1. Select from region 293-309 the residues that are outside any strand (DSSP E or B) and in contact (Cβ under 8 Å) with a residue 40 or more places away in the chain and list them in ascending order.
2. Which of the residues belonging to region 360-374 are touching a Lys or Arg at 6+ places or on another chain (Cβ under 9 Å) and over 18 Å from Lys22 (Cα atoms)?
3. State the number of residues belonging to region 11-55 that are within 30 Å of Gln249 (Cα to Cα), touching a helix residue (DSSP H, G or I) at 6+ places or on another chain (Cβ under 8 Å) and in a loop (DSSP other than H, G, I, E, B).
4. For region 232-250, how many residues are surrounded by fewer than 14 Cβ atoms within 10 Å (Cβ to Cβ), more than 13 Å from Glu140 (Cβ to Cβ) and not hydrophobic (A, V, I, L, M, F, W, C)?
5. Would a scan of region 299-316 turn up a residue that is touching a His at 6+ places or on another chain (Cβ under 7 Å), small (Gly, Ala, Ser) and either surrounded by fewer than 19 Cβ atoms within 10 Å (Cβ to Cβ) or modelled with pLDDT of 95 or more (or both)?
6. Could you check, for region 195-206, whether at least one of its residues is surrounded by fewer than 17 Cβ atoms within 10 Å (Cβ to Cβ) and acidic (Asp, Glu)?
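The values are calculated or read from the model by the stated rules, or taken from the named source; none is laboratory data. Note that the coordinates shown come from a computational prediction; the quantities given were computed from them, not determined experimentally. As a convention, Cβ positions derive from the backbone with ideal geometry for all residues, glycine included, and neighbour counts pool all protein chains shown.
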Amino acid sequence: MAGGGIVLKQAHAQTIIQAFEKYSPKHLAVEGDKIGLQVGSLQKPVRKVMVTLDVLEPVVDEAVEAEVDLIIAHHPLLFRPIKVLNTDTAYGRTVEKLIKHDITVYAAHTNLDVTEGGVNDLMADALQLENTEVLVPLFEDTLKKLSVFVPVDHADDLREALGNAGAGHIGNYTHCSFSTEGRGAFRPEAGADPFIGEPGKLERPAEEKVETLFYASEEKKVLQAVKKAHPYEEVAYDIFDMAVPGRKQGLGRIGRLPEKTTLNDFAEKVKKAFGVEGLRVVGDGSAEVEKVAVLGGDGNKYAMTALHKGADVYVTGDLYFHVAHDAWMEGLMMIDPGHHVEQIMKQDTADRLNNFVKEEKWETEVIVSAVNTDPFRFV
């Protein structure tokens, strides 16, 4: 029991991951990405969760010392097929320690890159980009329209529940809906337990038809909210596909700086935003920069995408020599702050998990790994 008489519940790994996947669903991952359960079991209680960028041996040692039950990582530990697990190597010892100490490892990789509010949005926000769009669209979340028939006295409660579930979100507005009043008609059969009326008698209650929009990926959550908030034993509703474009989801972001600057000044801004000692820059330092593309991790294959979408500069990691050459010749400026800047996901992910813990009243602690897993340093 926590302070204030709140009774805390024991959380299980599976329920924690289910909550997390509402924010970073698996279907957003790039095909073939090694996401999800990596080591251990999700069928166990969890008292402590640790969030990390990488699962290296020092990180696992940290988890063992902190008595962690579940590690949630951005980079998968098991990314390539294992032919031999030699416990004389650092990799083998890492897996051995995880198993010996019953620490489960779960990875959210490209799905955490793609999701709204994920790695790429965090990086764009850190650079103060405005009016951002997806750089590399991979999916389109189609729009749907919901019509629900509800007693007039319960219409406001239903609208609130729909808005809280994510329906009716249009631009900078939430809880958007439209209603028309009328009369429903139904006759409960024997064995029914009607909220209004009685079996065998035709009822004509005053009802509202509440209409709202939602994205297809949120359909399950929206319908759960409808059934929970609706007083009827059997809920009458319609769902229609919308012809208007939906929400594009994908890798990277592209947007504009609040004001124009030079490449050199922007490079200093990137260093400060991501807390790096140094970075690699391609282009004339005095050149003007306004439109910026950003993509966490290895973004080599999307350099020309950034160019064709009008970016002045492309911020990404692990730049190859020849990719930089090609971009340079085409006039695209580039900044490589390293792959490790994706660590920006650690604190944000921990904060989101802590919100889930508070909402569900779980007896679970969420911590952030303090181990620096960046293999590079500047001298």
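1. Residues satisfying the conditions are Gly299, Tyr302, Thr305, Ala306, Lys309.
2. The answer is Glu363, Thr364, Glu365, Ile367, Val368, Ser369.
3. 9
4. Final tally of qualifying residues: 3.
5. no
6. yes
This table checks each residue for (1) of a type outside the set (S, T, N, Q); (2) at pLDDT 95 or above; (3) farther than 20 Å from Leu112 by Cα.
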site: Ser41; (1), (2), (3): no, yes, yes
site: Leu53; (1), (2), (3): yes, yes, no
site: Val64; (1), (2), (3): yes, yes, yes
site: His75; (1), (2), (3): yes, yes, no
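The rows are residues; the columns are (1) under 18 Å from the mean Cα position of the chain (by Cα); (2) closer than 23 Å to Phe356 by Cα.
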| position | (1), (2) |
| --- | --- |
| Lys44 | no, yes |
| Pro58 | no, no |
| Leu70 | no, yes |
| Ala73 | yes, yes |
| Arg80 | no, no |
| Asn86 | no, no |
| Lys100 | no, no |
